[in-house]
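K.L.:
I am attaching a structure below and will ask some questions about it afterwards.
The values are calculated or read from the model by the stated rules, or taken from the named source; none is laboratory data. Keep in mind the model is a prediction, meaning the values are calculated, not measured. As a convention, Cβ positions derive from the backbone with ideal geometry for all residues, glycine included, and neighbour counts pool all protein chains shown. What goes into the accessible areas is simple: the full protein's heavy atoms, side chains included, and nothing from ligands, DNA or RNA. Shrake-Rupley method; radii C 1.70, N 1.55, O 1.52, S 1.80 Å.
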Amino acid sequence: MAKSTLSASHFGKDFVWGVSTAAFQIEGESLGHGKGPSIWDIFTKKENTIRNGDQADIACDYYHRYEEDILLMKSMNIKNFRFSISWTRILPNGIGTVNEQGIAFYKKVIACCLEHSIEPWVTLYHWDLPQALEDKGGWANRKIIDWFTEFTTVCAMAFGDQVKHWMVLNEPMVFTGAGYFLGVHAPGKKGLKNFLPAVHHVVLCQAMGAKILKRLVPNALIGTTFSCSQISAYRNTKRDRHAAVKADALLNRLFIEPALGLGYPISDAPVLKRLRPFIQPNDMNDCKFNFDFIGLQNYTREKVKHSFFVPYLHAKIVKASKRNVKTTLMDWEVYPPSIFHIIEKFSAYSQIKKIFITENGAAFKDVVKNGNVDDQQRLQFLQDHILQVHKAQQSGLNVHGYFIWTLTDNFEWAEGYHARFGLVHIDFKSLRRTIKTSGKWFAQFLEK
């Protein structure tokens, strides 16, 4: 089927279409209305952490303009909206006193969505850990299981009567790897001594949060999301193939397999043996949860080669810019078959009930000309990837929905405002919203 003739109707009436966002990246009002500081509020204030020294104090000002953005979605025929809840907007100190202004804000957002026939899909944790808890060790402290239990319970009790789709965590490999091993994301910690305990406690919270939601909101569908990329050997050598297997175990399998009752992929990534000191009796049973669905978030593929100089793993990702391939502004290879491969890979797990693509999109350099943003590269990227999702569906693979990252340009973590992923352009001085060519196309795609 040609790209030009493909529309949402070809996927069937039950296939879910939507857009994804995250609280810290869009909301602004960073320390107002009772909100406490998160690790990202603190991290962004440090020197040389964010490109151009950008700040998220205002971001997209979604906190004050959520109704405008929800009406934009309605005008674009978008029926499903994935957003996250800021932990410190609900519990400013991470635990203890509840901020009723925060509860009221998200209730207004949810009510506005439902008023305009848009289904809210809520992510509990999208990287903005309360700084008060990070000061006590954050994800590396086992007590976070209790802290996360409290946060989950408050959210379930406050919003469970209106929200029917929940995701516990967003991309645990990214926020543990970038935040607790490489130090390039908040809270800026480095090394295995931080990474390994964080991994295990995240896996436990992933299941614990899901169990609480299932108990308190029994009619809801409970999921969680994973970052994943097709990973293959840079060269067809035994060492590179072995390196690719290790990288795949860490990047694609580390957080899903314990939830499925398969344990950690230690045999393929022996460095994970070092998790054992953090595993207490019955932990591996407590890691398990039978999710109603999982979200997969795919942007690219990775090529991996053996590297003696990389400690613990001896594997290294070869940057796309070094491989003479088409790239996005993030230096990620544009490779649409990766999303088919990932759907195929995760469909092979018989325990997974349903798969949704909960993020896919691209950052390119956008130009505003005569009040328009003609983002042909992003349009092509989305069409090509949706075509691969359709191929997966037609092949009988277990995929039931697709969410674009993201609705509006936003604060893209360490990239600041440099990397624009939105279907809607934002002028970060005036905060004016302009639907890009890709957004207009998506609206037509959903209308057919």
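K.L.:
Among the candidates 369, 365, which residue alone is surrounded by fewer than 21 Cβ atoms within 10 Å (Cβ to Cβ), farther than 18 Å from residue 80 by Cβ, in contact (Cβ under 8 Å) with a residue 12 or more places away in the chain and over 19 Å from the mean Cα position of the chain (by Cα)? Lay out the reasoning, then the answer.
P.N.:
Values: 369 fails: in contact (Cβ under 8 Å) with a residue 12 or more places away in the chain.
That would be 365, the only listed residue that is surrounded by fewer than 21 Cβ atoms within 10 Å (Cβ to Cβ), farther than 18 Å from residue 80 by Cβ, in contact (Cβ under 8 Å) with a residue 12 or more places away in the chain and over 19 Å from the mean Cα position of the chain (by Cα).
K.L.:
Open to solvent by less than 10 Å² (accessible area, probe 1.4 Å) and part of a helix (DSSP H, G or I): does that describe residue 147?
P.N.:
Numbers: open to solvent by less than 10 Å² (accessible area, probe 1.4 Å): no; part of a helix (DSSP H, G or I): yes.
The answer is no for residue 147.
K.L.:
Which of the residues belonging to region 373-396 are assigned to a loop (DSSP other than H, G, I, E, B) and either charged (D, E, K, R) or open to solvent by less than 40 Å² (accessible area, probe 1.4 Å) (or both)? Before the answer, list the steps.
P.N.:
Initial filter on region 373-396 (assigned to a loop (DSSP other than H, G, I, E, B)): 374-375, 395-396.
Scanning region 373-396 gives 374, 375.
Conditions (1) open to solvent by 50 Å² or more (accessible area, probe 1.4 Å); (2) of a type in the set (D, E, K, R), marked per residue:
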residue	(1), (2)
254	no, no
259	no, no
262	yes, no
269	no, no
345	yes, yes
350	yes, no
361	no, no
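Matching residues to (1) farther than 27 Å from residue 21 by Cβ; (2) among the basic types (Lys, Arg):
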{"site": "261", "(1), (2)": "yes, no"}
{"site": "270", "(1), (2)": "yes, no"}
{"site": "278", "(1), (2)": "yes, no"}
{"site": "281", "(1), (2)": "yes, no"}
{"site": "322", "(1), (2)": "yes, yes"}
{"site": "327", "(1), (2)": "no, no"}
{"site": "343", "(1), (2)": "no, no"}
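K.L.:
Tell me which residues, restricted to region 278-327, are touching a helix residue (DSSP H, G or I) at 6+ places or on another chain (Cβ under 8 Å), aromatic (Phe, Trp, Tyr) and at pLDDT below 95.
P.N.:
Hit for region 278-327 is 312, nothing else.
K.L.:
To continue, here is another question. Can you tell me which residue is nearest to residue 411 (Cα to Cα) among those in region 127-144 that are without any contact (Cβ under 8 Å) to a residue 12 or more places away in the chain and open to solvent by 30 Å² or more (accessible area, probe 1.4 Å)? Outline the logic, then answer.
P.N.:
Filtering region 127-144 for residues without any contact (Cβ under 8 Å) to a residue 12 or more places away in the chain gives 135-137, 143.
Next, only the ones that are open to solvent by 30 Å² or more (accessible area, probe 1.4 Å) stay: 135-136, 143.
Details: 135: 24, 136: 27, 143: 30 Å.
Going through the qualifying residues, I end up with 135.
K.L.:
Report every pair of residues separated by at least 6 positions or lying on different chains whose Cβ atoms are under 6 Å apart, first residue within region 210-224 and in a helix (DSSP H, G or I), second crowded, with 20+ Cβ neighbours inside 10 Å and not small (Gly, Ala, Ser).
P.N.:
Taking only residues 6 or more apart or on different chains, the pairs are 210/168; 210/222; 210/289; 212/152; 213/166; 213/222; 214/222.
K.L.:
Something else: Find all pairs meeting these conditions: Cβ atoms under 7 angstrom apart; at least six residues apart or on different chains; first residue within region 336-347 and under 13 Å from residue 297 (Cα atoms); second residue among the small types (Gly, Ala, Ser).
P.N.:
Close Cβ pairs (under 7 Å, with a partner that is among the small types (Gly, Ala, Ser)) amount to 338/229; 340/392; 343/392.
K.L.:
Counting only residues that are outside any loop (DSSP other than H, G, I, E, B) and among the hydrophobic types (A, V, I, L, M, F, W, C), which one in region 72-98 is farthest from residue 411 (Cα to Cα)?
P.N.:
In the first step, residues of region 72-98 are kept if they are outside any loop (DSSP other than H, G, I, E, B); the result is 72-75, 80-84, 87-90.
Still in the list and also among the hydrophobic types (A, V, I, L, M, F, W, C): 72-73, 81, 83, 87, 90.
On the way: 72: 19, 73: 19, 81: 18, 83: 14, 87: 18, 90: 21 Å.
That would be 90.
K.L.:
Whether any residue in region 278-288 is open to solvent by 20 Å² or more (accessible area, probe 1.4 Å) and of a type in the set (Asp, Glu) is what I want to check.
P.N.:
To start, the set of residues in region 278-288 that are open to solvent by 20 Å² or more (accessible area, probe 1.4 Å) comprises 278-282, 284-286, 288.
Narrowing further to those that are of a type in the set (Asp, Glu): 286.
Within region 278-288 (the criterion being open to solvent by 20 Å² or more (accessible area, probe 1.4 Å) and of a type in the set (Asp, Glu)), the answer is yes, since at least one residue qualifies.
K.L.:
Can you report the number of residues in region 109-126 which are among the polar types (S, T, N, Q) and surrounded by fewer than 23 Cβ atoms within 10 Å (Cβ to Cβ)? Talk me through it step by step, then tell me what you get.
P.N.:
If we filter region 109-126 for residues that are among the polar types (S, T, N, Q), which is where we start, we get 117, 123.
Filter once more, so that each one left must be surrounded by fewer than 23 Cβ atoms within 10 Å (Cβ to Cβ): 117.
Residues flagged as among the polar types (S, T, N, Q) and surrounded by fewer than 23 Cβ atoms within 10 Å (Cβ to Cβ) within region 109-126 amount to 1.
K.L.:
Counting just the residues of region 416-430 that are free of Cβ contacts under 8 Å to residues at least 24 places away in the same chain and over 17 Å from residue 52 (Cβ atoms), which one comes out surrounded by the fewest Cβ atoms within 10 Å (Cβ to Cβ)?
P.N.:
It comes out as 430.
K.L.:
Going through 18, 34 one at a time, which residue ends up being open to solvent by 10 Å² or more (accessible area, probe 1.4 Å) and either in contact with a strand residue (DSSP E or B) (Cβ under 9 Å, 6 or more places away or on another chain) or not β-branched (Val, Ile, Thr) (or both)?
P.N.:
Numbers: 18 fails: open to solvent by 10 Å² or more (accessible area, probe 1.4 Å).
Only one candidate passes the filter, namely 34.
K.L.:
On to the next question. Is at least one residue of region 5-12 among the aliphatic types (A, V, I, L, M), surrounded by fewer than 22 Cβ atoms within 10 Å (Cβ to Cβ) and more than 27 Å from residue 136 (Cα to Cα)?
P.N.:
Initial filter on region 5-12 (among the aliphatic types (A, V, I, L, M)): 6, 8.
Those still in the list that are surrounded by fewer than 22 Cβ atoms within 10 Å (Cβ to Cβ) too: 6, 8.
The next check asks that each one be more than 27 Å from residue 136 (Cα to Cα); those that pass are 6, 8.
Yes, because at least one residue in region 5-12 is among the aliphatic types (A, V, I, L, M), surrounded by fewer than 22 Cβ atoms within 10 Å (Cβ to Cβ) and more than 27 Å from residue 136 (Cα to Cα).
K.L.:
Just name the residue that is nearest to the chain's Cα centre (by Cα) out of those in region 99-137 that are among the charged types (D, E, K, R) and in a helix (DSSP H, G or I).
P.N.:
We begin by selecting, within region 99-137, every residue among the charged types (D, E, K, R); these are 100, 107-108, 115, 119, 128, 134-136.
Those left that are additionally in a helix (DSSP H, G or I): 100, 107-108, 115, 134.
On the way: 100: 27, 107: 22, 108: 23, 115: 26, 134: 21 Å.
Taking the candidates together, the pick is 134.
K.L.:
Let me ask another. Can you name every residue in region 154-203 that is of a type in the set (Gly, Ala, Ser) and in contact with a Phe, Trp or Tyr (Cβ under 9 Å, 6 or more places away or on another chain)? Spell out the reasoning first.
P.N.:
Kept after step one, since they are of a type in the set (Gly, Ala, Ser), are these residues of region 154-203: 156, 158, 160, 177-179, 183, 186, 188, 191, 198.
Selection gives 156, 158, 160, 177, 178, 179, 186, 188, 191, 198.
K.L.:
Of the residues that sit in region 44-71 and are among the acidic types (Asp, Glu), touching a Leu at 6+ places or on another chain (Cβ under 9 Å) and not in a helix (DSSP H, G or I), which one is least open to solvent (accessible area, probe 1.4 Å)? Break it down into steps so the answer makes sense when it comes.
P.N.:
Just the residues of region 44-71 that are among the acidic types (Asp, Glu), to begin with: 47, 54, 57, 61, 67-69.
Adding the requirement that they be touching a Leu at 6+ places or on another chain (Cβ under 9 Å) leaves 57, 61, 69.
Of the ones still in play, those that are also not in a helix (DSSP H, G or I) are 57, 61.
Numbers: 57: 63, 61: 26 Å².
Once the filter is applied, the top-ranked residue is 61.
K.L.:
Follow-up. Return the total of residues in region 333-353 being in contact with a helix residue (DSSP H, G or I) (Cβ under 8 Å, 6 or more places away or on another chain) and not in a helix (DSSP H, G or I).
P.N.:
Residues meeting the conditions: 5.
K.L.:
I need the helices (runs of 4 or more DSSP H) fully contained in region 232-290, keeping only those with at least 3 residues that are in contact (Cβ under 8 Å) with a residue 40 or more places away in the chain.
P.N.:
Details: elements: 238-248, 256-259, 283-286.
Fully inside region 232-290 and qualifying: 238-248, 256-259.
K.L.:
A further question follows. Hey, does region 207-225 have a residue that's touching a Cys at 6+ places or on another chain (Cβ under 8 Å) and closer than 16 Å to residue 173 by Cα? Please lay out each step first, then the result.
P.N.:
Initially, region 207-225 is screened for residues touching a Cys at 6+ places or on another chain (Cβ under 8 Å), giving 207.
Still in the running and closer than 16 Å to residue 173 by Cα: 207.
Within region 207-225 (the criterion being touching a Cys at 6+ places or on another chain (Cβ under 8 Å) and closer than 16 Å to residue 173 by Cα), the answer is yes, since at least one residue qualifies.
K.L.:
Still on this structure: Residues in region 291-331 that are open to solvent by less than 50 Å² (accessible area, probe 1.4 Å), within 22 Å of residue 181 (Cβ to Cβ) and β-branched (Val, Ile, Thr): how many?
P.N.:
Going through region 291-331 one residue at a time, the tally reaches 4.
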